[in-house]
Amino acid sequence: MAAYERLAWYAQHFEMVEVNSTFYSVPDARTVERWCATTPDNFIFDVKLHQLFSFHSTQRKLLPPELQRIAETDAKGKVNTSPELQDAFLKSFLRPMSILQSAGKLGVFLLQLSPAFSPRKHELSELEGLIQRLADYSLAIEFRNRNWAVGDQLRSTIDFLRRHRVAFVNVDAPTTDHFSIMPPDLDEITNPEFGYLRLHGRDAKAYLTGKTVAARFNYDYSDEEIDELAERSRKLAGEVKDVHVVFNNNNLDYAPRAATRLKKVLGQSVALPSPETPELF
């Protein structure tokens, strides 16, 4: 299937998508217009925020051209983040996002924090500037350092998110105490409007040693595990208006197959495959 055909095919089977490319670049307005034109009226785009906001090291080349010229970098070529640079970047980022918003297709902004953002080195208050800038949007935060979600710190983290009406991203992940893997047994609702559940697979060795994204999240959920995730999704849905469930086990076709199986278990309608692609589902 040609790349330009994939979104239209995807939208025949699912009601939302999580956009990952925005973690690395700001999409062109024409690209976003094509996203809107290619998908049904009720289709939703959840959009991952750029890595500049998530405490990841960011290379100058990943900034919009107009910001590359003014951004300061360290000796290794990494951008020195400042409130002024973030403000300028956010303006560039929100311009194409306004196209999704005008079409009624903008869902949630997802902030996927770096594992380096830890309670030992950082404060939750460091997130307030971005939260305030995005006060008119729905925002979900995925912590990637488990120390934010264990012991006494968990309650502080949840209280902070509730005060700011930001959704805590619940995860399905390997059961291990490694600092970069969040506890998979949390189901926290911190915004009464929506919940977020991201499913990363359960292979700890792959998660910790994989050299590529596909290798890290190389996991094929069993039918029994899909049943568990369905029950978990129902529980979350009992507490909020909407629950966004996203499979991130993105090796091969594991994610769309798992998502289709989950829809079936939840009693949701599942589109029949087209004659051209009968092998997919």
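The values are calculated or read from the model by the stated rules, or taken from the named source; none is laboratory data. Predicted model only: the values in this text are computed from it and were never measured. So basically every Cβ, Gly included, is an ideal-geometry build from the backbone, and we count neighbours across all protein chains shown. Each accessible area value is taken on the protein alone, full model and side chains, heavy atoms only, with ligands, DNA and RNA left out. Shrake-Rupley method; radii C 1.70, N 1.55, O 1.52, S 1.80 Å.
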When residues of segment 132-189 are filtered for being of a type in the set (Gly, Ala, Ser) and open to solvent by 20 Å² or more (accessible area, probe 1.4 Å), how many remain? 4
Could you check how many residues of segment 217-261 are touching a strand residue (DSSP E or B) at 6+ places or on another chain (Cβ under 8 Å) and in a loop (DSSP other than H, G, I, E, B)? 6
So LYS264 passes all but one of these: (1) modelled with pLDDT of 95 or more; (2) assigned to a loop (DSSP other than H, G, I, E, B); (3) open to solvent by 40 Å² or more (accessible area, probe 1.4 Å). Which condition number does it fail? (2)
With the requirement that a residue be open to solvent by less than 50 Å² (accessible area, probe 1.4 Å), farther than 18 Å from ALA140 by Cβ and of a type in the set (D, E, K, R), what does segment 68-113 give you? none
Show the residue pairs that are 6+ apart or on different chains and have beta-carbon atoms under 7 Å apart, the first residue being within segment 198-212 and on the phi > 0 side of the Ramachandran plot and touching a residue at least 12 places away in the same chain (Cβ under 8 Å), the second being open to solvent by less than 20 Å² (accessible area, probe 1.4 Å) and of a type outside the set (Ser, Thr, Tyr). GLY201/PHE217; GLY201/ASN249
Those residues of segment 228-246 which are open to solvent by less than 80 Å² (accessible area, probe 1.4 Å) and over 14 Å from ALA259 (Cβ atoms), in sequence order: ARG232, LEU236, ALA237, GLY238, VAL240, ASP242
Subset of segment 155-169 [β-branched (Val, Ile, Thr) and outside any loop (DSSP other than H, G, I, E, B)]: THR157, ILE158, VAL169
Among the residues in segment 84-96, are any closer than 28 Å to VAL32 by Cα, at pLDDT 95 or above and either of a type in the set (Gly, Ala, Ser) or touching a strand residue (DSSP E or B) at 6+ places or on another chain (Cβ under 7 Å) (or both)? no
Return a yes/no flag: does segment 190-204 have any residue that is in a helix (DSSP H, G or I), farther than 25 Å from GLY238 by Cβ and of a type in the set (Gly, Ala, Ser). yes
Taking only segment 58-110 into account, find how many residues are free of Cβ contacts under 8 Å to residues at least 24 places away in the same chain and either outside any helix (DSSP H, G or I) or of a type in the set (D, E, K, R) (or both). 18
